[in-house]
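To start, the structure itself, in structure tokens.
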Amino acid sequence: MSLRKQYAEEVEREFSRQTRSEPPILTEKMLNSLPKPVQRHLRVCGYPGKPLFNHAEMIWGNVDFLRAPKTPPLKLKCVQQNFAAEPCRIVLMTTRLAGIIPFEGRDKYQDDHGNMLIKIGKLLTLQEAKGEAMDRSGLVTILAEAFVLPAYLFQPYISWGEFDEFSAAATITRNGIEVGGVFCFNERGEYVRFESNDRYLSTPKGDENHPWAATLGNYFEKNGYRIPGYMNAEWLLPEGKHEYFLGEILEFRYS
């Protein structure tokens, strides 16, 4: 089965099992349960008074993916689905190697497990990563992207810790696994960086734990919301920073 078809089936299955009830409206009372910098961000981005949707689709453009430091980037097309009632994130990444050979990747956290699957020629499996390290990494990624779908912020599996004017700590817990990180905000109240020590890098030697960060910026107006124009991800390795994912965000669609 091609990854494109597998991705479509996984997304459809998630739609069928996630709640489809009328989404609640984000009220000031609900906002007041969150750390102050998180409240400010949601206000700045136009979420109060609007539905807290359970699903978001994100369309990426001009994505550079570097599988290893100092390697040429792969130019990817990406589409991503996020669900909040049960934490789920499914991403399809596609390109053609040398402009000819189909390359497909599917990264997901679903049913409380993480999985990365890469195929070339649509059928040949090049790489598959799963296990506890992927479970933990998938959870951290959902936490880092929680502002993509603000319904995440009110779920019982996310807990808030210490905060100040420009940062807030949070943890996410599922299936006996707890991971966390720190959200950072600029003076305009925009969420601009996430830092965590709970993500794992797959290497030929095995899974390695290194500090990890995501950065966001270039906020713009879309359908009544302010959304980030890009999101990049980087590893902070002993030999230096490795920025491996650089993506432009073109569209958010809520449902």
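Couple of notes before you dig in:
- Exclusive hit being outside any strand (DSSP E or B) and at pLDDT 95 or above, set 189, 181: 189
- Among the numbered conditions (1) buried (at least 22 other Cβ atoms within 10 Å of the Cβ); (2) in contact with a helix residue (DSSP H, G or I) (Cβ under 8 Å, 6 or more places away or on another chain); (3) within 20 Å of residue 10 (Cα to Cα), the only one that residue 122 does not meet is (1).
- Checked against (1) farther than 18 Å from residue 3 by Cβ; (2) at pLDDT below 95; (3) surrounded by 17 or more Cβ atoms within 10 Å (Cβ to Cβ); (4) of a type outside the set (A, V, I, L, M), residue 95 meets all criteria but (1).
- Of the residues making up region 29-54, those that are under 26 Å from residue 88 (Cβ atoms) and among the polar types (S, T, N, Q) are 33, 39, 54.
- Matching residues in region 112-168 - criterion: being basic (Lys, Arg) and either within 19 Å of residue 65 (Cα to Cα) or outside any helix (DSSP H, G or I) (or both): 119, 122, 130
- Test: residue 47 is in contact with a Gly (Cβ under 7 Å, 6 or more places away or on another chain), crowded, with 19+ Cβ neighbours inside 10 Å and hydroxyl-bearing (Ser, Thr, Tyr): no
- Filter result (of a type outside the set (Phe, Trp, Tyr) and buried (at least 21 other Cβ atoms within 10 Å of the Cβ)) within region 81-92: 81, 82, 84, 87, 88, 89, 90, 92
- Residue list for region 48-67, filter: at pLDDT 95 or above and outside any strand (DSSP E or B): 48, 49, 50, 52, 53, 54
- Out of 75, 70, 29, sole residue that is exposed (fewer than 13 other Cβ atoms within 10 Å of the Cβ) and part of a strand (DSSP E or B): 75
- Which numbered condition residue 29 misses (of (1) more than 26 Å from residue 229 (Cβ to Cβ); (2) modelled with pLDDT under 95; (3) of a type in the set (D, E, K, R)): (2)
- Across region 204-222, the qualifying residues are those that are in a strand (DSSP E or B) and among the polar types (S, T, N, Q), and the one among them that is surrounded by the fewest Cβ atoms within 10 Å (Cβ to Cβ) is 209.
The values are calculated or read from the model by the stated rules, or taken from the named source; none is laboratory data. Nothing here was measured: the structure is a model prediction, and the numbers come from that model. Positions of Cβ are generated from backbone atoms using ideal geometry, with glycine treated the same way; all protein chains shown enter the neighbour counts.
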